[in-house]
1. Skipping prolines and chain starts, which residues have an amide H placed within reach, meaning under 5 Å, of the one on Trp16, given they are 5 or more residues away or on another chain?
2. Between the alpha-carbon centers of the stretch 65-80 and the stretch 1-45, tell me the distance in whole angstrom.
3. Once phi is turned into ³J(HN,Hα) by the Karplus curve 6.51 cos²θ - 1.76 cosθ + 1.60 with θ = phi - 60°, what whole-Hz value does each residue of the stretch 12-20 show in order, with x for glycine and proline?
4. Want the number for Asp7 to Arg62: 0.36 nm per residue separation, take away the alpha-carbon distance, what's left?
5. Work out from phi, with θ = phi - 60° and the Karplus expression 6.51 cos²θ - 1.76 cosθ + 1.60, the ³J(HN,Hα) of each residue of the stretch 67-75, listed in order in whole Hz, and give x for Gly and Pro.
Amino acid sequence: MKVRKIDKSQFKESVWSGGSTSQLYIYPEDADLNEKSFDFRISSAIIDVEESDFTAFPGFSRMLMVLDGELEIIHKDQYS
C-alpha cells in the first residue's frame with residue numbers, strides 16, 4: 001500500500017447528533033460512509049453536547065481516543 005498525504009481541504013465534514021466530524025480517510029477510497037461499505041475509516045469528532053448517542057456501526061470495531069477534555073461512554077448497562 002502506498003502512503004499518500006491528504007490535504008485538509010479534502011476532509012469530508014459532516015454533522016451528527018452530538019457535534020461534527022471530519023473524515024480524514026476511508027478505505028476503499030470510493031466507499032460510502034452512509035452505506036457502511038468501507039473496510040476502515042479514520043475520523044476526528046468534536047462533541048458539542050453533554051449527552052448524545054454515537055452513530056451505530058454494527059459489525060465494525062470502534063477505537064476511540066480522547067484528544068482534548070474528558071469523555072465517559074456508557075453502553076446500555078453493558079459498560080461504562
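1. For Trp16, whose amide H was placed from the backbone, the distant partners under 5 Å are Thr21.
2. The stretch 65-80 and the stretch 1-45 have Cα centres spaced 22 Å from each other.
3. Residue by residue, the stretch 12-20 yields 8, 9, 8, 10, 10, 4, x, x, 9 Hz.
4. 17.4 nm
5. 9, 7, x, 10, 9, 10, 10, 10, 10
Laboratory data are not the source of any read-out in this text; all were calculated from the coordinates shown. Small disclaimer: the values here were computed from a predicted structure and weren't measured.
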